[in-house]
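Working notes for the structure below.
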């Protein structure tokens, strides 16, 4: 496992640090993060996500790459009975989320400050009821496409840990990445696209709060796609593979 983790860390592209943290942010990182951080899993040991929280929860949801944490904090505040796992290696984003957690006294958020693939590999099968992948880095240059999170291997990992009927939500403002996402997800037997009407995927659902990143995209005239996929039942997935 250690060897696998080392390889994954090498493949974790993008920044880990941004501008210098303010004193309050640094203090919260030192005080709060050790209490809320999900430890790196040991080899062949599963993480029981519900055991990470002090009270019994109805379900566990995961956000991969939560950025500044606005969406994750909103969802956690709106769903007190759900446990939220947030993956984000960017320290400044973690610091911003910690501020929101403290301000709203959120008790149902845990943070994995590293590569989401490491956490996915340690979660039990069918343990997640919803997954969010919002505005991932599109890596627009062709030579960087292998860095994109949406890939056959990562979708296989998500399919393993998602419950039958669980929802996968994705958002992007990059047309090239949108085509990439649709190509990979529509071709994957574990997922089915939920688009209730033509162009419905251009409308943000009421329970999908806006973020600063989204507002910036709209100011720049970019069109945002809000995609919702459902994890097929295991039996339906087997039938799709045979078909």
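The values are calculated or read from the model by the stated rules, or taken from the named source; none is laboratory data. Just so you know, these numbers come straight off a predicted model, no measurement behind them. Here the Cβ is made from the backbone with ideal geometry for all residues, glycine too, and neighbour counts use every protein chain on show.
Here are a few things to note about the model shown:
- Matching residues, segment 15-52, being within 21 Å of the chain's Cα centre (by Cα), at pLDDT below 85 and loosely packed, with under 11 Cβ neighbours inside 10 Å: 15, 17
- Of the listed requirements (1) in contact (Cβ under 8 Å) with a residue 24 or more places away in the chain; (2) out of contact with any strand residue (DSSP E or B) (no Cβ under 9 Å at 6 or more places or on another chain); (3) in a loop (DSSP other than H, G, I, E, B), residue 56 misses just one: (1).
- Qualifying residue in segment 91-110 (condition: touching a residue at least 12 places away in the same chain (Cβ under 8 Å), touching a helix residue (DSSP H, G or I) at 6+ places or on another chain (Cβ under 8 Å) and surrounded by fewer than 16 Cβ atoms within 10 Å (Cβ to Cβ)): yes
- Per-region count, segment 59-93, residues within 27 Å of residue 126 (Cα to Cα), assigned to a helix (DSSP H, G or I) and within 14 Å of the chain's Cα centre (by Cα): 6
- Check on residue 111, over 20 Å from residue 30 (Cβ atoms) and within 14 Å of the chain's Cα centre (by Cα): no
- Number of residues in segment 35-53 that are assigned to a helix (DSSP H, G or I) and over 19 Å from residue 115 (Cβ atoms): the value is 3.
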